[in-house]
Amino acid sequence: MDIAFVTLPGIGGSGEQHWQTHWERADTRFKRFKPTSWDAPDVSDWTAAVDRELGLAPQSVVLVAHSLACLLVAHWAQKTLARVAGAFLVSVPDPAATKFPAAAASFAAVPATALVFPALIVASTDDPYGTLDYARQRAGQWKAGIVEVGPLGHINGASGLGDWPQGRMLLEAFSSGLGMGR
């Protein structure tokens, strides 16, 4: 079965050193969604951008979200009839954390209901935007699995992970568990 991945970066759009950007360059199955603004995120605009991207994708899609986009997935899942095979959610931020950007306030009322598709949360033990306890809480609410990967900060470009081979292996294992291996 062919699989496509839709990458959903967080605020700022995941720069050149981010693992999402590396994965997109290395594998044509990865396509980035395109909201109106990366720096002034609006939950309505971002959910519409996910819908637009999924309209262009084949049916077997895994969402690959980082940071604010993890909250986007929870909002989007409440308002759409579109189906995805699953969601790979890296570094779920806590809207109550002091570092949560004020520009992302429209994402703050995070749905606490179960996602309607399989999901895996990948959490760092020292993420400045969300504690491990918060990630575990969201995993329970969303009925998602969780993998704790140790001290990797926010698992972004600043973490110095390059193409983050550990994350790619986790994504491949997750996708295979959906019956969607290579």
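Values computed for the structure shown
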| quantity | calculated |
| --- | --- |
| Within segment 138-181, considering residues that are small (Gly, Ala, Ser) and crowded, with 20+ Cβ neighbours inside 10 Å, the one nearest to Val6 (Cα to Cα) | Ser175 |
| Any hit, segment 151-163, residues being among the aliphatic types (A, V, I, L, M), modelled with pLDDT under 95 and part of a helix (DSSP H, G or I) | yes |
| Selected residue (only one of Phe100, Phe107, Phe88 is over 19 Å from Gly167 (Cα atoms) and under 15 Å from the mean Cα position of the chain (by Cα)) | Phe107 |
| Selection count, segment 81-96, where residues are under 16 Å from Val110 (Cβ atoms), in contact with a helix residue (DSSP H, G or I) (Cβ under 8 Å, 6 or more places away or on another chain) and in a loop (DSSP other than H, G, I, E, B) | 5 |
| Output for segment 14-32, where each listed residue is surrounded by fewer than 20 Cβ atoms within 10 Å (Cβ to Cβ) and either under 18 Å from Leu71 (Cβ atoms) or among the β-branched types (Val, Ile, Thr) (or both) | Thr21, Thr28, Arg32 |
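Residues checked against (1) touching a Leu at 6+ places or on another chain (Cβ under 6 Å); (2) surrounded by 15 or more Cβ atoms within 10 Å (Cβ to Cβ); (3) outside any loop (DSSP other than H, G, I, E, B); (4) acidic (Asp, Glu):
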residue: Arg52; (1), (2), (3), (4): no, no, yes, no
residue: His75; (1), (2), (3), (4): no, yes, yes, no
residue: Gln78; (1), (2), (3), (4): no, no, yes, no
residue: Ala104; (1), (2), (3), (4): yes, yes, yes, no
residue: Ile121; (1), (2), (3), (4): yes, yes, yes, no
residue: Asp126; (1), (2), (3), (4): no, no, no, yes
residue: Gly130; (1), (2), (3), (4): no, yes, no, no
residue: Asp133; (1), (2), (3), (4): no, no, yes, yes
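So that you can scan it fast, the table gives a plain yes or no per residue for (1) under 19 Å from Ile3 (Cβ atoms); (2) modelled with pLDDT of 95 or more; (3) of a type in the set (Ser, Thr, Tyr); (4) touching a helix residue (DSSP H, G or I) at 6+ places or on another chain (Cβ under 8 Å):
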position	(1), (2), (3), (4)
Trp19	yes, yes, no, yes
Trp23	yes, yes, no, yes
Arg29	yes, no, no, no
Thr36	no, yes, yes, yes
Pro41	no, yes, no, yes
Val61	yes, no, no, yes
Val64	yes, yes, no, yes
Ala74	no, yes, no, yes
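The values are calculated or read from the model by the stated rules, or taken from the named source; none is laboratory data. Note that the coordinates shown come from a computational prediction; the quantities given were computed from them, not determined experimentally. Cβ sites come from the backbone with ideal geometry, for glycine too, and all protein chains shown count toward neighbours.
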